[in-house]
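Everything on this sheet refers to the single structure shown next.
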Amino acid sequence: MATLTATPTPAGGPRLLRVLRGTLYTTAVLFFCLLAASPFLVMGVVTFQTDQDLYRRGASPFDYEDMPTLEHLDNLFNDTRYLSFVRNSTVTGIAVVVVTLVLSLPAAWALARLTGRWGERAGMLMFIVYLVPPTLLFIPLFRIIVQLGLRDNLLSLILVYPSISVPFSTWLLMGFFKSIPPELEEAALVDGFTRYEAFWRVVLPLARPGIISVVVFTFTLTLHEFIYSLVFISASEVRTLSTGVPTELIRGDVFFWQPLLASALLVAIPVGLVYNLFLDRLVQGFTLGAVKG
Amino acid sequence: MSEVNLKGVVKRFGDVQAVAGVDLHINSGEFLVVLGPSGCGKTTLMRTIAGLEKPEEGQISIGARDVTALPPRKRGIAMVFQSYALYPHMSVAGNIGFPLKAQGRCPDRAEREQRVYQAAQMVSIEHLLDRRPRQLSGGERQRVAIARAIVSQPEVLLLDEPLSNLDAKLRAYARDELKGFQRKLGITTVFVTHDQIEAMGLGDRIVVMRDGLVQQVGPPQAIYDRPQNTFVATFLGSPGMNLQLVSDQVQRGFRPEHLLPLGELPPGAAHEPFSWRVTRVENLGSDRLLYGHLADFRGEMQLTVSRLPSNVTIEIPLDTVCEFGVAHDQLHFFDVASGERLEEGVAA
C-alpha cells in the first residue's frame, strides 16, 4: 500500500494537459464556426422579423420581440419573380457546366498529353485569357450579342460564360490529367480499348475530383456573375438571380431586407451543402491544379 | 501462341535512334529475354511490338499477320508494365476482367467472372479479388498485372521489367513462378530486363542490345560462353569478363572464374600463366573475389578480377606476386578497334 501511494501516477500530468488542450481546441473551432456562420444566422432570423422588429433601435438581430412572420417569404415567392430567377439561374448554370465540360475536358487532355512542350505554352496562353476581366469585355461582347439577336435571351449568358469558365477549367483539369500516369492509358490500349474508350473508362474516373471542382466552380460562377447578366438581359422574366433579386427587391434606396436576405439564404444553403459534400475533393482539386502544370 | 517477326525496325525520337534497325525472329511459345543497359532501346523495342510506338521503318508481324499499322488492341498482345499500371479505381477483379470488357471479347457476364476467377487462381490471388490495388503488396500487384495480361489469352505476352519493383528475396521466387506460368500456358513471351541474372535464369534465348542495336542472340549459356564482342563479354557475368591488350590489334578476355591459382587448373590442360599481385579480397560467402592488376603488352596496369569458389580454400597473400593461370580453351580474343570476336585461329 505504502509503495502504491508513494508512486506518483506518471500519466496524471500529461493527461490533464491533453484534456485542457482538447477543450481549448474545441472552443476555438466552435468560435470560428460561429463567426463564419453568423451572417447566415442573422439572415435566417431577419427573414422572419416584422418591419417594426427589424428597425427597432437597440434590438438584437438574433432575437424576436414581435411574433415571427411568414409575410416576407410569401411576398418573395408570390409578389416577385423569384422562382423564375431561380429557374433561369439553374438552367443557365447547368447549360454552362455542360458546355464547359464538353470543351475543357478534351482540351485539357490534349494539352496534358499529346502536344508535349507546346501543350505547356498553349495552357499558359489559355490562362492569360482567363485573366482578362469581364469589365473590359462586356461592351464588345454586348455588340456581338445584339447582332446575334440574343438580347434578353438566356442563350447569351450560356454563350458568354464559358469564356470565363473554359480557360480556368482547362487549366485545372490539365493538372489532373498530368497526374494520371500515361501508362494507365497505354494499359487500356493494350487491354483492347480505343484511345477514346481509354479516356472514358480510365482517365475520366480518375479525374473525378477535378471534374467536381470544375462543376462547382462553374455553377457558382453563373450564380454570382453580375456584369454580363445585367448588360445582356433587361427583361425581368429572363433575369437570373444575381441581377433579378437586387433589381426587384431594392427600389431606389429602399432595401426590402427580409425578402432580400431570404432569397440569398435559400440559394446559399444548397450550394453550401454541395460544397461541404465535396470539400475534400475540392481542396484536392484546387491544390493539384495549382501545383501541377 | 504465335511467332513474332521483326524486320529492319527503326524507331527515332527526334535525332535519337532508340531502335536502330532490328531484325528478330521469336519462336512460337518461346521465352525470349531482351537484355541491355538502360537506354539501349529495349523498352522501346517492346513498345513497338505492342503498338504503343509506331516504327519509322521496318515491319512487324505476329503469326501470319502484318501488324505494323495496327493499333495495340488488334494485335492480340498483352503487356505487363514496369509500374504494373493497375487501374486504381477498380477492384482486383475489375482490373483482371477489364480486358474482357473490350468490345465483343466476352459479352457474357457469368463467363467473364469465371475467366477472371481462373486467371486469379493461376497466380493464386483468388482471395484478393475484392481488394483495391493500393491495398496490395508489390508482389500481389505484380500477380494482378500478370492475371490481367493472361485473362484474354493473348498470342504474345510482353513483360517490361516486371520484377524490378520487388525486393531481392521475392524476386528469385517470382522468377521461378513466372517461368512456371509461361511453361503452363506455352505463350510466346518477350521479357525486357537490365538484370543479367533474370535474363540468364528465365530466357530460352537472350537478345543483348546496345544503342538500339542487337549485339547477340542465343541461348543464355552460349552467349555467356562465346560472347560475340567485348560489350557482351563485359556486360554478362558479375563481374564481367577481364580484358587484356596483347597487341595493337588484339585483346584477349577471360572470365574471373577461369583465372585460377595454378594448382586449381584442370590437370594436364594447356594454360596461359599470369603472375599478379592481389590487392583486395572480397568474401561473398559462396565465393571469393580477388582484385588486382595485370600488365598489358605496353606495361600498363589493368584492373583484373578472379573469382574463387568457396571450395578453393587456398590462402591468398595480399601484395605478393602469385602464380595464376587460365586454361587455353577459356581464352577469348577480340579485335581492338571493332570489339568483335576473333576466331582462335586468327588470333594465334
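The values are calculated or read from the model by the stated rules, or taken from the named source; none is laboratory data. Every value quoted in this text rests on a predicted model; they were computed, and no experiment measured them. Because the Cβ atoms are built from the backbone with ideal geometry, glycine has one as well, and the counts that use them run over all protein chains shown.
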Check: Does any residue of segment A:162-185 turn out to be of a type in the set (Asp, Glu) and touching a helix residue (DSSP H, G or I) at 6+ places or on another chain (Cβ under 8 Å)?
Finding: yes
Notebook entry, point to check: Can you tell me which residues in segment B:154-193 are among the small types (Gly, Ala, Ser) and more than 18 Å from the chain's Cα centre (by Cα)?
Noted result: B:Gly186
Notebook entry, point to check: Which residue pairs have Cβ atoms closer than 6 Å, lie 6 or more positions apart in sequence or on different chains, and pair a first residue in segment A:248-263 that is in the same structural domain as A:Pro39 (by TED's automatic domain parsing) with a second residue that is of a type in the set (Asp, Glu)?
Noted result: none
Notebook entry, point to check: In segment B:53-79, what residues are under 18 Å from B:Thr189 (Cα atoms), of a type outside the set (D, E, K, R) and at the interface with chain A (Cβ under 9 Å from one of its Cβ atoms)?
Noted result: B:Pro72, B:Ile77, B:Ala78, B:Met79
Margin query: Regarding segment A:276-285, can at least one residue be identified that is at pLDDT below 90 and either among the β-branched types (Val, Ile, Thr) or not in a helix (DSSP H, G or I) (or both)?
Written below: yes
Margin query: Test of understanding: among A:Ser229, A:Ser236, which residue is surrounded by fewer than 18 Cβ atoms within 10 Å (Cβ to Cβ), more than 12 Å from chain B (Cβ to nearest Cβ) and out of contact with any Asp or Glu (no Cβ under 6 Å at 6 or more places or on another chain)?
Written below: A:Ser236
Next item on the list: Answer yes or no as to whether B:Leu86 is within 13 Å of chain A (Cβ to nearest Cβ) and closer than 19 Å to B:Val156 by Cα.
Entry: no
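Matching residues to (1) at the interface with chain A (Cβ under 9 Å from one of its Cβ atoms); (2) among the acidic types (Asp, Glu):
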{"position": "B:Ile96", "(1), (2)": "no, no"}
{"position": "B:Leu129", "(1), (2)": "no, no"}
{"position": "B:Glu140", "(1), (2)": "no, yes"}
{"position": "B:Ala145", "(1), (2)": "yes, no"}
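Please verify whether A:Val202 is at pLDDT 90 or above, within 22 Å of the chain's Cα centre (by Cα), assigned to a helix (DSSP H, G or I) and under 30 Å from B:Ala85 (Cα atoms), treating the condition exactly as stated. Explain how you work it out, then say what you get.
On the way: at pLDDT 90 or above: yes; within 22 Å of the chain's Cα centre (by Cα): no; assigned to a helix (DSSP H, G or I): yes; under 30 Å from B:Ala85 (Cα atoms): yes.
In short, no.
Does any residue of segment B:307-320 turn out to be over 26 Å from the mean Cα position of the chain (by Cα) and in a strand (DSSP E or B)? Give the derivation first.
Within segment B:307-320, the subset over 26 Å from the mean Cα position of the chain (by Cα) is B:310-320.
Restricting the remaining residues to those that are in a strand (DSSP E or B) gives none.
Among the residues of segment B:307-320, not one is over 26 Å from the mean Cα position of the chain (by Cα) and in a strand (DSSP E or B), which makes the answer no.
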Note to self: If B:Leu35 satisfies all but one of (1) within 14 Å of chain A (Cβ to nearest Cβ); (2) surrounded by 21 or more Cβ atoms within 10 Å (Cβ to Cβ), what's the number of the condition it fails?
What the structure shows: (1)
Checklist line | Hits in segment A:156-185 - residues which are over 24 Å from A:Ile233 (Cα atoms), more than 17 Å from the chain's Cα centre (by Cα) and of a type in the set (A, V, I, L, M) | finding: A:Met174, A:Ile180, A:Leu184
Note to self: On the basis of being among the small types (Gly, Ala, Ser), buried (at least 19 other Cβ atoms within 10 Å of the Cβ) and within 14 Å of chain A (Cβ to nearest Cβ), does B:Ala18 make the cut?
What the structure shows: no
Next item on the list: Just need a number here: residues in segment B:56-74 that are crowded, with 21+ Cβ neighbours inside 10 Å and under 29 Å from B:Met200 (Cβ atoms).
Entry: 2
Checklist line | Tally of residues being part of a helix (DSSP H, G or I) and over 25 Å from A:Glu120 (Cβ atoms) across segment A:189-198 | finding: 2
Check: Does segment B:221-238 include one or more residues that are in contact (Cβ under 8 Å) with a residue 40 or more places away in the chain, closer than 20 Å to B:His328 by Cβ, surrounded by 20 or more Cβ atoms within 10 Å (Cβ to Cβ) and of a type in the set (Val, Ile, Thr)?
Finding: yes
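When you scan segment B:144-152, do you find a residue that is more than 19 Å from B:Leu86 (Cβ to Cβ) and either of a type in the set (Gly, Ala, Ser) or surrounded by fewer than 14 Cβ atoms within 10 Å (Cβ to Cβ) (or both), even just one? Before the answer, list the steps.
From segment B:144-152, those more than 19 Å from B:Leu86 (Cβ to Cβ) are none; that's our starting set.
Within segment B:144-152, not a single residue is more than 19 Å from B:Leu86 (Cβ to Cβ) and either of a type in the set (Gly, Ala, Ser) or surrounded by fewer than 14 Cβ atoms within 10 Å (Cβ to Cβ) (or both).
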Next item on the list: Within segment A:166-225, work out how many residues are touching a Pro at 6+ places or on another chain (Cβ under 9 Å), more than 10 Å from chain B (Cβ to nearest Cβ) and within 29 Å of B:Thr48 (Cβ to Cβ).
Entry: 1
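Of everything in segment B:129-139, what is under 16 Å from B:Met90 (Cβ atoms) and either aromatic (Phe, Trp, Tyr) or surrounded by fewer than 18 Cβ atoms within 10 Å (Cβ to Cβ) (or both)? Give them in sequence order.
Within segment B:129-139, the first condition is being under 16 Å from B:Met90 (Cβ atoms), and the residues that meet it are B:129-136.
Within segment B:129-139, B:Asp130, B:Arg131, B:Arg132, B:Arg134, B:Gln135 meet the criteria.
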Next item on the list: With the checklist (1) at the interface with chain A (Cβ under 10 Å from one of its Cβ atoms); (2) under 30 Å from B:Tyr224 (Cβ atoms); (3) of a type outside the set (Phe, Trp, Tyr) in hand, flag the one item B:Gly29 doesn't pass.
Entry: (1)
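Residue by residue, here is whether (1) within 30 Å of B:Leu213 (Cβ to Cβ); (2) in contact with a helix residue (DSSP H, G or I) (Cβ under 7 Å, 6 or more places away or on another chain) holds:
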site	(1), (2)
B:Arg47	yes, no
B:Glu57	yes, no
B:Val92	no, yes
B:Pro99	no, yes
B:Pro107	no, no
B:Val116	no, yes
Note to self: Go through (1) under 27 Å from the mean Cα position of the chain (by Cα); (2) within 13 Å of chain A (Cβ to nearest Cβ); (3) crowded, with 22+ Cβ neighbours inside 10 Å for B:Ala120 and report which single condition fails.
What the structure shows: (2)
